[in-house]
Structures are given as structure tokens and as C-alpha cells.
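Structure first, then comments.
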Amino acid sequence: MSRIGNFRGRRLPRRLVQLYAGLALYGASMALMIESTLGLNPWDVFHQGLAIHTGLSIGAASILVGAVVLLLWIPLRQRPGLGTVSNVVVVGLAVDATLALLPTPRAMVLRILFMVVGIVANGMATGLYIGARFGPGPRDGLMTGWVARRPGRSIRMVRTVIEVTVVTVGWLLGGTVWIGTLLYAVSIGPLAHRFIPLFTVPGPGRASPSPARPDATGPAGSSPAPVQVGPAVPGVGSDDGRKTGG
């Protein structure tokens with residue numbers, strides 16, 4: 001079997017399981033942070049604020065925002081992968097399902113535990129779904145697509161502008177910004193740097209995944225070859241192992 005055939009064939013079941021496990025865990029990690037009430041990541045602050053004002057669940061708000069962001073890929077000439085489309089739907093369903101099952105902790109020690117476990121689980125989930133190499137998340141592809149169309153801009157700058165904007169709007173809408181938001185911001189990069197290489201499925205012609213480089217140009221919330229981390233994260237390999245999404 002050729003290297004590409006092996007990547008698509010024998011490794012495909014592992015990649016699919018890893019993709020959907022990662023997306024489900026990502027939704028569960030969001031739910032843990034929501035229940036902690038100690039602060040959310042920038043996009044979830046926006047999702048929560050939108051949910052408050054529309055009557056939607058936070059999962060439904062996440063799906064709606066993801067779908068709108070995906071439409072913005074069209075003028076940027078980005079091509080979504082299976083992981084991109086699945087990200088829009090599965091994460092939103094998973095967060096609502098987990099919220100329905102989770103208790104709301106009252107004791108501060110439990111709230112802190114929910115927050116910390118949620119952040120670590122989010123980093124692990126990022127490594128799992130990015131490492132499956134099925135394409136970047138919609139929000140990450142938006143960042144990398146913009147940079148691809150404006151070569152003079154850096155991923156870090158574009159990402160910062162987008163995330164400062166969404167967290168500000170989300171906060172104004174009533175989303176939760178507190179210590180968890182800051183802790184997430186400073187820890188998700190190192191966590192993704194740890195988990196992305198650990199879970200990356202080697203592509204054709206690659207014996208092992210390259211180490212993640214948090215400052216590399218690539219899609220936030222996406223891939224193993226030049227990877228930039230962040231939650232949301234960096235360029236991911238397509239089904240045949242070529243880099244997609246930026």
C-alpha cells in the first residue's frame with residue numbers, strides 16, 4: 001500500500017475516532033468552564049452573551065456563530081475539511097449535552113476544579129482534533145485565510161484583533177469574563193504545544209509528527225505542520241496529508 005493509501009485507509013478509522021472524540025471533549029471542556037462561572041475563553045464569552053440575548057442554548061449559539069464564520073471562508077477562498085464542518089456541529093451539541101448532565105458546583109474549590117479541568121481538557125481536545133488532520137476549525141481558518149489574503153499581516157496580530165473584539169462584544173452582551181478567561185489565555189498555548197505533537201497522526205512520508213511551534217504561521221485551532229496554537233489553533237493537514245486552511 002502506498003504511503004498516501006496507508007494514511008487514508010489503515011489510519012482512517014483512528015483519525016475519525018480521534019476527530020470526533022476531540023470535538024466531543026472540546027464541547028465538554030467548554031461546559032466545565034461554563035459551570036465554573038469563573039470565566040470563559042474569548043469565543044465562548046461571545047457565544048454565552050449571544051445566548052443570553054437570543055434565548056438560544058450556548059451550544060446552539062456556538063453552532064450559529066460557527067456557520068456564519070464558515071460562510072466568511074467563501075470570499076477568502078478557503079476550503080473546509082470534514083473536521084471543519086464537524087467542528088461547527090459536534091462541539092455545540094456536545095456542550096449542551098454535557099451541561100444537561102453536569103451539576104452546578106457551589107463550593108469554590110469545586111468551581112476552581114471545574115475551571116482547571118476544563119482548560120486542560122480543552123488543550124487535550126485541541127491536540128486530538130487538530131492531530132486527526134481533517135482541517136482547521138472555522139474560527140481558525142478565518143484567521144489564517146485572512147492572513148493568506150493579506151500577506152503582510154501576522155497570525156498573532158489578526159488573532160489578537162479578532163479575539164479582543166469577540167471577548168469585548170461578548171462581555172458587553174453579558175458573557176462571563178473573569179480569572180478563567182485570563183488563565184485560559186496564558187495556558188492554552190503551552191497546552192496545545194504539548195498535546196498537538198502527542199496526538200498528531202503522521203501524514204504520508206512522515207515518520208513522526210513535527211513538534212508544534214506556537215509562534216509559527218498557521219491556523220489557530222488547526223494543524224501539525226507549522227502550527228500556531230491557541231483555541232482556538234493552526235494549519236491542518238488534509239486527507240492526503242497536505243496542509244490546508246492557511
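In the set (1) surrounded by fewer than 16 Cβ atoms within 10 Å (Cβ to Cβ); (2) touching a residue at least 24 places away in the same chain (Cβ under 8 Å); (3) among the aliphatic types (A, V, I, L, M), the condition left unmet by residue 100 is number (2).
Within the option set 106, 156, 111, being in contact with a Ser or Thr (Cβ under 6 Å, 6 or more places away or on another chain) and charged (D, E, K, R) holds for one residue only, 111. Residue pairs whose Cβ atoms lie under 8 Å apart, sitting 6 or more positions apart in sequence or on different chains, and linking a residue in the stretch 30-51 that is closer than 13 Å to residue 179 by Cα to a partner that is buried (at least 24 other Cβ atoms within 10 Å of the Cβ) and among the charged types (D, E, K, R), are 33/44; 34/44. Every listed requirement among (1) under 10 Å from residue 176 (Cβ atoms); (2) surrounded by fewer than 24 Cβ atoms within 10 Å (Cβ to Cβ) is met by residue 56 save one, (1).
Screening the stretch 159-180 for residues that are free of Cβ contacts under 8 Å to residues at least 24 places away in the same chain and over 16 Å from the mean Cα position of the chain (by Cα) and picking the one that is surrounded by the most Cβ atoms within 10 Å (Cβ to Cβ) gives 168.
Go through the stretch 83-93 residue by residue and tally those that are farther than 13 Å from residue 47 by Cβ and surrounded by 23 or more Cβ atoms within 10 Å (Cβ to Cβ). Walk me through it before giving the result.
Within the stretch 83-93, the first condition is being farther than 13 Å from residue 47 by Cβ, and the residues that meet it are 83-87, 89-90, 93.
So of that shortlist, the ones also surrounded by 23 or more Cβ atoms within 10 Å (Cβ to Cβ) come out as 83-84, 87.
Counting residues in the stretch 83-93 that are farther than 13 Å from residue 47 by Cβ and surrounded by 23 or more Cβ atoms within 10 Å (Cβ to Cβ) gives 3.
Bear in mind these aren't lab numbers, they're just calculated from the coordinates by the rules spelled out. It should be emphasised that the depicted structure is a prediction, and the values quoted were computed from it without experimental measurement. Neighbour counts run over all protein chains shown; Cβ positions are idealised from the backbone, glycine included.
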